[in-house]
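The structure under discussion appears below in the form of structure tokens.
Every number here is computed from the coordinates shown, using simple stated rules; none is lab data. This is a predicted model, so every value here is computed, not measured. Neighbour counts run over all protein chains shown; Cβ positions are idealised from the backbone, glycine included.
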Amino acid sequence: MQKRTKLVVAAWALVGLFAAPACVSKKVFRRHAEETDTRIKGVETGVEDNQRRISSLATETDVKISQVRSTAEKAMEVGSSALTKAELAEKLAKGKVLWTTTLSDDRVKFSFDASEIPPEAGAILDDLASRVKALDKTVYLEIEGHTDNIGSDQYNYELGLKRAEAVLRYLNERGGLPLHLMSVISYGETKPVAENSTRDGRARNRRVVVRVLE
């Protein structure tokens with residue numbers, strides 16, 4: 001009986017020896033796992049915070065870039081507008097008409113419904129270009145296109161513009177005058193110099209006027 005009791009006690013002692021390290025190992029492992037999870041969560045939180053800060057900085061940077069771009073564009077618009085107004089003011093201030101050359105049907109025969117430069121106009125435009133180039137200063141040429149009242153307003157506007165542009169091309173290509181010193185405008189039928197009720201009146205209204213301005 002005593003031997004059996006001793007064997008049982010010995011057996012339980014052995015179980016205790018093996019079980020104790022296992023319990024300790026599980027507790028240590030669990031503690032390490034919890035500490036690792038805590039560190040991982042801390043790292044993830046830090047990464048998320050960094051991402052939020054980066055996103056916020058990117059948004060602020062985009063806003064600042066947009067503001068700078070907008071300011072620059074406004075400055076360019078203001079500068080361009082000021083330059084245009086200054087140039088216009090200078091031109092108007094100096095806008096003394098040196099002379100005017102008129103090409104009308106009674107002189108060069110602008111045919112009805114046509115915008116080509118008549119042969120008779122060549123000599124007049126050549127003389128005009130020579131006089132302009134002989135000037136020892138910069139001058140501006142305003143080329144006006146006019147028509148009679150036959151046809152719609154829009155049609156006559158376009159026809160007058162075509163006639164003015166034909167004169168501009170001739171003065172540039174044949175006369176050698178620079179394009180940036182010439183401008184064209186069409187008045188269509190809105191500024192007649194004679195009655196459109198007669199053939200002669202309509203012929204006088206079909207014209208191109210070149211004004212040479214200082």
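General observations
- Using θ = phi - 60° in the Karplus curve 6.51 cos²θ - 1.76 cosθ + 1.60, the 3J(HN,Hα) couplings for the stretch 193-205 round to 10, 8, 5, 7, 7, 10, 5, 5, x, 5, 5, 5, 6 Hz; x is entered for Gly and Pro.
- Net lengthening on full extension, ARG52/ASP127 (0.36 nm per residue, minus Cα-Cα): 19.4 nm
- A full extension of the chain between LEU135 and LYS96 corresponds to an added length of 12.6 nm, given 0.36 nm per residue minus the alpha carbon distance.
- Between ARG174 and THR198, the distance separating the two model label sites (each 7 Å from Cα on the Cα→Cβ line) works out to 3.1 nm.
- Surrounding net charge for ARG169, when Lys and Arg each add one and Asp and Glu each subtract one, Cβ distance under 13 Å: 0
- When each of the peptides 125-135, 182-192, 200-210 is scored by the mean number of other C-beta atoms lying within 10 Å of its residues, the order from highest to lowest reads 200-210, 182-192, 125-135.
- Net length available on complete extension from GLN154 to SER183 is 8.4 nm, with 0.36 nm assigned per residue and the Cα-Cα distance removed.
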